[in-house]
Amino acid sequence: MEEEKRALLCSSIEASPEELVASILPDDREIHHPSGDLQVGLVLASSLSAADKGIIWRILADAMKEMYEGSSFGWNPTKKKRELFHKLARFILVRTRESAEVVAFTSFRFEEEDGFAVVYCYELHVSPNFHRCGLGRKLARMLFDICRQRRLDKVMLTVFKANTIAIRFYENIGFVLDPSSPEYGSTLPADDGDDSWEDEGGGHVNEECDYMILSKAAIPSSYY
Ligand SMILES: CC(C)(COP(=O)(O)OP(=O)(O)OC[C@H]1O[C@@H](n2cnc3c(N)ncnc32)[C@H](O)[C@@H]1OP(=O)(O)O)[C@@H](O)C(=O)NCCC(=O)NCCS
């Protein structure tokens, strides 16, 4: 990784939550929702209250436990909690203004991946009652805003192939298969022009791997 990029990555790792929240578009910090106004905040994992950690864990476990159990990763709550609340993890939290309860969140870390300076999205979750209102899109855009403002290369994430809703969501907001993804290359479009990531019998995906790595580069033309 070139020196300048490394310096940008280091300064991002050291940036305070206040500095990072300034990267998020003001329009996205107050969210109007049919069930009441929502507020956005950014914190380090180490600053989360026990109550917030409990809600975050419940939202994640409710959505993902079964998927992990059916995957090669298996479901290991202790290991997952260690990763989720890692000291370098940062959280963008969306709370109701009324009760201050967390209803959506994303967690991310600044990392080097294959020579790229990236915002790695470890989690992105919206409580079921708030699905399909654009909250997921807004959270993803905040990660992308931070990535662009810090002049890093891309936002990356890992998704289970079985999580077809999440794949459709990420596809819709401009994520593509990352070159570091295990099946990259074997998913190149066939002659029929089908460039879908999902296996619909066309045999494009590598059956041995149950996850894929997606990314969105921080170049102006890919901004959504
Ligand atoms: C994936 C997830 C974060 C999407 O959040 P959301 O706030 O409901 O999504 P948005 O309303 O921002 O949707 C943006 C676009 O994604 C696509 N999308 C979202 N949910 C979809 C669904 N259930 N079916 C099909 N497309 C969907 C749509 O194209 C949508 O645009 P549209 O509403 O204009 O059609 C949410 O379903 C979730 O929390 N799932 C459980 C946790 C999870 O799987 N997280 C990802 C782990 S990698």
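Looking at segment 97-106, is at least one residue at positive phi and either touching a Ser or Thr at 6+ places or on another chain (Cβ under 9 Å) or not charged (D, E, K, R) (or both)?
Checking segment 97-106: at least one residue is at positive phi and either touching a Ser or Thr at 6+ places or on another chain (Cβ under 9 Å) or not charged (D, E, K, R) (or both).
If you go through segment 112-144 and keep only what is near the ligand (Cβ under 7 Å from one of its atoms) and of a type in the set (A, V, I, L, M, F, W, C), you end up with Leu124, Val126, Phe130, Cys133, Leu135. In the set (1) buried (at least 22 other Cβ atoms within 10 Å of the Cβ); (2) of a type outside the set (Gly, Ala, Ser); (3) assigned to a helix (DSSP H, G or I), Arg137 fails one condition alone, (1).
For the structure I just gave you, tell me whether Pro34 is modelled with pLDDT under 95 and under 23 Å from Asp145 (Cβ atoms). Before the answer, list the steps.
Details: modelled with pLDDT under 95: yes; under 23 Å from Asp145 (Cβ atoms): no.
When the stated conditions are applied, Pro34 does not pass them.
Can you confirm whether segment 89-101 contains a residue that is among the aliphatic types (A, V, I, L, M) and near the ligand (Cβ under 8 Å from one of its atoms)? Taking every residue of segment 89-101 in turn, none turns out to be among the aliphatic types (A, V, I, L, M) and near the ligand (Cβ under 8 Å from one of its atoms).
Looking at Lys5, is it more than 20 Å from the chain's Cα centre (by Cα) and basic (Lys, Arg)? Yes, satisfied. Determine, yes or no, whether Leu25 is surrounded by fewer than 15 Cβ atoms within 10 Å (Cβ to Cβ), in contact (Cβ under 8 Å) with a residue 24 or more places away in the chain and hydrophobic (A, V, I, L, M, F, W, C). Taking the combined requirement at face value, the residue satisfies it. A single entry from Arg58, Arg109 fulfils the requirement of being within 16 Å of the ligand (Cβ to nearest atom) and within 24 Å of Arg148 (Cα to Cα): Arg109.
Taking first residues from segment 116-145 that are at positive phi and partners that are within 8 Å of the ligand (Cβ to nearest atom), no Cβ contact under 7 Å between residues at least 6 apart in sequence or on separate chains turns up.
Could you pull out the residue among Lys65, Lys53, Lys80, Lys87 that is in contact with a helix residue (DSSP H, G or I) (Cβ under 7 Å, 6 or more places away or on another chain) and of a type in the set (Lys, Arg)? Working first, answer last.
Details: Lys65 fails: in contact with a helix residue (DSSP H, G or I) (Cβ under 7 Å, 6 or more places away or on another chain); Lys53 fails: in contact with a helix residue (DSSP H, G or I) (Cβ under 7 Å, 6 or more places away or on another chain); Lys80 fails: in contact with a helix residue (DSSP H, G or I) (Cβ under 7 Å, 6 or more places away or on another chain).
Unique residue meeting the criteria: Lys87.
The values are calculated or read from the model by the stated rules, or taken from the named source; none is laboratory data. Fair warning: this is a prediction, and the values are worked out from it, not measured in the lab. All Cβ positions, glycine included, derive from the backbone under ideal geometry; neighbour counts span all protein chains shown.
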